[in-house]
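Heads up, the thing below is written out as structure tokens.
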Amino acid sequence: KLSAILRPDSLDIRQLTCDDKLSWQMTLSNGLKIVIGRDHVMKKTQRFLSVYRQRLRNQLEDIALVDVRYSNGVAVRWSQERDADTLVSAR
């Protein structure tokens with residue numbers, strides 16, 4: 001199901017892992033890491049896609065990690081310390 005919702009944006013899952021605490025993390029084929037957390041995996045992935053489409057699509061080479069564990073947005077960790085970590089609203 002995750003692959004199906006990512007595919008229209010040409011995003012493919014390279015690795016999907018679940019740790020001891022049942023927290024999910026996804027690595028895409030372009031190297032982008034997405035921290036999802038333990039619950040609402042589909043909803044959080046859809047939130048990532050919304051922010052990706054609106055704000056992140058053209059900046060992928062500058063992003064190290066996207067954390068979607070927040071209830072109203074995502075946190076972006078920029079690669080090469082481009083900027084401080086940023087919280088991006090999904091609204």
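The values are calculated or read from the model by the stated rules, or taken from the named source; none is laboratory data. Just so you know, these numbers come straight off a predicted model, no measurement behind them. So basically every Cβ, Gly included, is an ideal-geometry build from the backbone, and we count neighbours across all protein chains shown. Just the protein is used for accessible areas: all its heavy atoms, side chains included, with ligands, DNA and RNA removed. Shrake-Rupley method; radii C 1.70, N 1.55, O 1.52, S 1.80 Å.
What the table below lists for this structure:
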| read-out | value |
| --- | --- |
| Stretchable slack from LEU60 to SER3, in nm (0.36 nm times residue separation minus alpha-carbon distance) | 18.7 nm |
| 10 Å-binned pair-distance histogram of region 1-65 (Cα, whole percent) | 20, 60, 19, 1 |
| Simple spin-label estimate for TRP78 and SER50 in nanometres, 7 Å along Cα-Cβ | 2.4 nm |
| From phi via Karplus (6.51, -1.76, 1.60), per-residue ³J(HN,Hα) for region 17-25 in Hz, x at Gly/Pro | 10, 10, 8, 4, 8, 6, 9, 8, 9 |
| Sequence-distant residues sharing a close amide H with GLY73 (under 5 Å, placed H) | ALA90 |
| Label-point separation, SER71 to THR27 (7 Å along Cα→Cβ), nm | 3.2 nm |
| Interchain or long-range residues, amide H under 5 Å from ILE63's placed H | SER79 |
| Accessible surface of the chain [probe 1.4 Å, protein heavy atoms]: carbon and sulfur percent | 45 percent |
| Over the chain: helical MRE at 222 nm, DSSP H runs n ≥ 4 each giving -39500 (n - 2.57), nearest 500 | -4500 deg cm²/dmol |
